[in-house]
Every structure is written in C-alpha cells, then in structure tokens.
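To keep things clear, I will list the structure first and then write my remarks on it.
The values are calculated or read from the model by the stated rules, or taken from the named source; none is laboratory data. Predicted, not measured: the structure shown is a model, and the values here were computed from it. Heads up, the Cβs are rebuilt from the backbone with ideal geometry, glycines too, and the neighbour counts pull from every protein chain shown.
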Amino acid sequence: MSDNQESTDTEDTTTASRSATLPLRPPCERLSCHKSSVCSRSYFVVVMVFFHVYIINVIGLLFYVHYSSGQEDGTRSRDAPSSGQQRPEARRPPSKAEFLRDVSLTRIEGIRVGHVQKVSLVPDKVHEMRTLSLKPLLFEIPGFLSEDECRVVMQLAQLKGLMESQLMVQDGQEELAKELNLSPDEIFNLLDINQDGQLQLHEILTHSRVRDGIWLTPENLREIYAGLKADKDGNGLLSLEEFRLLSNDAFQRFLLQRGVKRSQLVRNSRHTWLYQGKGAHQVLQDIKARVTRLTRLPSSLVDLSEPLQVVRYEEGGHYHAHHDSGPVYPETACTHTRLAANTSTPFETSCRYITVLFYLNSVEGGGETAFPVADNRTYDEVSLIQNDVDLLDTRRNCDKSNLRVKPAKGTAVFWYNYLSDGRGWVGEQDEYALHGGCVVTHGTKWVANKWINIDPDYQRQARYQQLVSQQSEDEDDEGVTLNPDTQSSDVHQDL
Ligand code: OGA
Ligand code: CA
Ligand code: FE2
C-alpha cells in the first residue's frame, strides 16, 4: 500500500514542480489556482511534500537530540563509569565477559581546580569539597573528622603500638640481580636509560631506591664514587669499564659501613593498622561509613579494603614521593585479591584505587603533603630527577612541588591513584598521583590513610568478593568476625 502511495507522490511531485515553474503568472492568478483542478491538485501535493519533509526533519531532529544527550549523560553523570578519560573502545559492543559486569564505579567529577561542591556525609552538617587538582583527581574536605575523632584515632593507635614504617637495611640482602642471574654488562644496559654508554647520576639514583630503600642524593653518590674510586676519569659519569670494576653490592656495603641514618631512608615514620569492621570502636566504623558516602562506591568494596593505617612522623620525619599503588601489567596480581588469583604470579602490587588521607593534627612546621607533578602539562619521568634537583626528594625539594597540602586537624584529602578504564572500572595507574610527606620541621605529624582496594581485573575482584563473602557467612555461623586485611602481616587486634 505504501508503495503505491509513494509512486503517486512522486508522480504528483513532478506535476507540481512543472506547474510551480510556470512563468509569469501573477500572484492573484496563483491565489485563484484552486479553481482549476490541475492547479489545486498540484498545490495540495506541494503542501503535502513540504509537510512530509517537515515531519521527517522533526523526527530526525528528535532522534539526534535523544542520542546525543544520551551520550552526554553517559559521560557527565556522577554514576557513570568515567569522565575525561572515555576511550573510543567505550562504544564497542561489550565482550562476553563484560556482560557479567553489574558494578560500575562512581568517579567524582573535579570540574576545575578550586571548584567547591557541597557534600552530605553526616546528619546536620554539610561539608565542602574543593577540587585541588585534576591530574590526579584530588579533593580536600575540611572538617571531615571532628576533633574528638582525631583524638580517639591517635589514642587507639598509641594503645595498639606503632612500628617502624621501614626497617633499616639488612646487611647481605639478597640481590635481585643475582636471582635473575644478570651479568654486569646486562645490569649496565638496564641502568643506562638514555643508552649513551655512560651512567648519569640520576640513572643510578632511580635504581638504588627500588633496590634497597636507601634514599641517595647526588652528593651521597659523589661521596661513594670518591670513597670507592669508582669514577676514575672524574667526569661524574660511570662508563661500562668503570662499572665492571665495582662489585654487585659495592654501594650498599660502602653505605652500611659508614652507617645509614633513618633520615636517609625512603620513609621515616612509624605506623599501625586499625581494624574498622564489626566490633571495632564506633569512631572507626563511623569513619569507614563516611568514606563510603564520600567516595560513592559500593560499601562491599570499602568493607573489604585494608584497615585504617595511622602514621606518626617525629620531628625530622618524611616520606619521599611515591605511588600508593602499583602499575597495571598483565602479569601483576593485586595483593588484596591474591587469594582469588588463578596462578601464583611473580609480581604482586597493592591496588589502591583511592587514597583518603586524614590529618589528625595541625603540624607546627613542615609536614605538608606534596604532589610534585600535579596538573603538570606533561609527565616526564626522566626530568623528575635532574642531576642536582630531585623532585621526588621531600626533604629538600618540596618547595618545587606543583602542589602542597598543609596539614590541618580534621581535614581529609582524597585522590584516585588510577584512571578510569572508560567502562566503569579501574584503568591505568595515574602517574600524576605521585606524592610524599615533606619533612616535619617542628613538632610531630599524625595522619591516617584509608585505602580503597580494587583490582583492575574485574573478574578477579568479583571472584575475591565472592570467596570472602562465602567465608564470612561460614565464620559468622561460628560467631567470628572476618579480618579483611589479608595483606599486612601484622596481627590486628579489634580495638
Ligand atoms: C602515605 C603518604 C603523605 C603524608 O602515608 O602513603 O603518602 O603527608 N603520606 O604523610
Ligand atoms: Ca646514560
Ligand atoms: Fe602515600
């Protein structure tokens, strides 16, 4: 039927166009057209054609508006998977595994630096949350904890006892190079980042930190070179020949002989862990509930995260710039979900999607939290350690950090250590999330960390949660509370 209709329309259109192009017909004649049957028919057809075109346009427009606003909602909505980092794959049809996904992580929007949003976290109070940077996505919430809560957390930590955050270096530590069976030439090649056949100071510095936790400064290194007579030609660089003459642990032995002070370690603080589950002190449970509201993440994820870490820095304490979380490689497993990992992987890292850092006191001098590359236009790992200025060094170069947060009692800051994968889950590590604690120049500094652990591998996180919930059901029957902290080796007392 509609085919017929169409063909008639087409025919009529032709007629209409012919009549419409009739030249030199005066307007009055055109107005009286309806009197002639051909003329009135073509007039009707013209009107109908315009009407159809109009309707089609309107329908088209409605479709356009519907779909384009649908996409915007997807990127803008609070509950949407991600904001800025939406990747083109996001619109690919989901694979079979993705159909199983039923959780999408909320990511709070920063809007712009300085933007303030009101948040409702506790009854009878509205908190203000200010965006401090977009790279990493970082917020500050003054008055997140009350004075009393700060006091209780510090007291509970003291009651439990704090331990050194970093152990002093042990003599005769196993060398990774030995385990991997690398020759001096191979090690040299690995260290020589710019492949110029010479080892610059920063190439050595980067390596040493990963190896034994002693924080070397360029001056230390020059002293070591002099002490070991390593740099024979005195040009400040090590050539392959010079490097070959050094034994594997020459630097470490030299340092240990001379004695390593706590201030020379990556981290100089003491800490403890406070369990926040059922039966824990009400203040600790309240903090966990408030963090859940703040982050808008499923409570099951927050419940299964590490306990609260309470840290105390004495005067002179510091924590050089670091990432709270590891990078994502296919072969890495997260410490918190290792129970659910199919195979034992050689590389294990903590997967802390979010860090919530609480300041439990206002520090008299120093002790800021520094973000050396926050909102940098580019991230350039190599230029972080220039030969004489090391931006990662929070004892010397906090003043050169892009952003510093001054500790104020009760304030919380929080940031995302990972980007979004664009599909509602955890993506790549955010390299801009690098941060550290500047040296405390006066007084002591107390902070607490609440890390929210999420495995970037969705299936692994899902398996882990299933496993733990089964376990906790079993244990609930016996009246035992499950301790969610499977990753730190210290024993948790329920305070
Ligand atoms: C940490 C940390 C920063 C600070 O404990 O992981 O980065 O300001 N602390 O103490
Ligand atoms: Ca080099
Ligand atoms: Fe940290």
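Among the residues of the range 416-470 satisfying the criterion of being in contact with a Ser or Thr (Cβ under 8 Å, 6 or more places away or on another chain) and at positive phi, which is farthest from ligand 2 (Cβ to nearest atom)? Across the range 416-470, the extreme among qualifying residues is Gly424. Applying the condition of being under 16 Å from Arg395 (Cα atoms) and touching a helix residue (DSSP H, G or I) at 6+ places or on another chain (Cβ under 8 Å) to the range 367-377 and asking which residue is surrounded by the fewest Cβ atoms within 10 Å (Cβ to Cβ) yields Glu368. Just to be sure before I move on: is Asp375 farther than 16 Å from Phe414 by Cα, in a loop (DSSP other than H, G, I, E, B), in contact with a strand residue (DSSP E or B) (Cβ under 7 Å, 6 or more places away or on another chain) and of a type outside the set (Val, Ile, Thr) in the structure I sent? When the stated conditions are applied, Asp375 does not pass them. The set of residues in the range 232-275 that are within 30 Å of Gln155 (Cα to Cα) and in a strand (DSSP E or B) comprises Leu265, Arg267, Asn268, Arg270, His271, Thr272, Trp273, Leu274. Quick one: in the range 344-372, of everything that is more than 15 Å from ligand 3 (Cβ to nearest atom) and hydrophobic (A, V, I, L, M, F, W, C), which residue is farthest from Asp421 (Cα to Cα)? If we take residues in the range 344-372 being more than 15 Å from ligand 3 (Cβ to nearest atom) and hydrophobic (A, V, I, L, M, F, W, C), then Val363 is farthest from Asp421 (Cα to Cα).
Would it be correct to say that Gly279 is under 33 Å from the mean Cα position of the chain (by Cα), more than 25 Å from Leu105 (Cβ to Cβ), surrounded by fewer than 16 Cβ atoms within 10 Å (Cβ to Cβ) and away from ligand 3 (no atom under 16 Å from the Cβ)? So Gly279 passes the test. Tally up the residues in the range 433-478 that are outside any helix (DSSP H, G or I), of a type outside the set (S, T, N, Q) and within 16 Å of ligand 1 (Cβ to nearest atom), please. Selection size over the range 433-478: 16. The listed residues are Thr349, Thr335, Thr345, and the only one of them that is touching a strand residue (DSSP E or B) at 6+ places or on another chain (Cβ under 6 Å), touching a residue at least 12 places away in the same chain (Cβ under 8 Å) and under 26 Å from Ser133 (Cα atoms) turns out to be Thr349.
Restricting Arg290, Arg338, Arg377 to residues that are touching a Leu at 6+ places or on another chain (Cβ under 7 Å) and either at pLDDT below 95 or more than 16 Å from ligand 3 (Cβ to nearest atom) (or both) narrows the list to Arg290. In the range 269-290, the condition of being in contact with a helix residue (DSSP H, G or I) (Cβ under 9 Å, 6 or more places away or on another chain) and acidic (Asp, Glu) is met by at least one residue. In this structure, is Ala370 touching a Gly at 6+ places or on another chain (Cβ under 6 Å), more than 16 Å from ligand 2 (Cβ to nearest atom) and farther than 22 Å from Thr272 by Cβ? So Ala370 passes the test. Within the option set Asp380, Asp388, being among the charged types (D, E, K, R) and either free of Cβ contacts under 8 Å to residues at least 24 places away in the same chain or surrounded by 23 or more Cβ atoms within 10 Å (Cβ to Cβ) (or both) holds for one residue only, Asp380.
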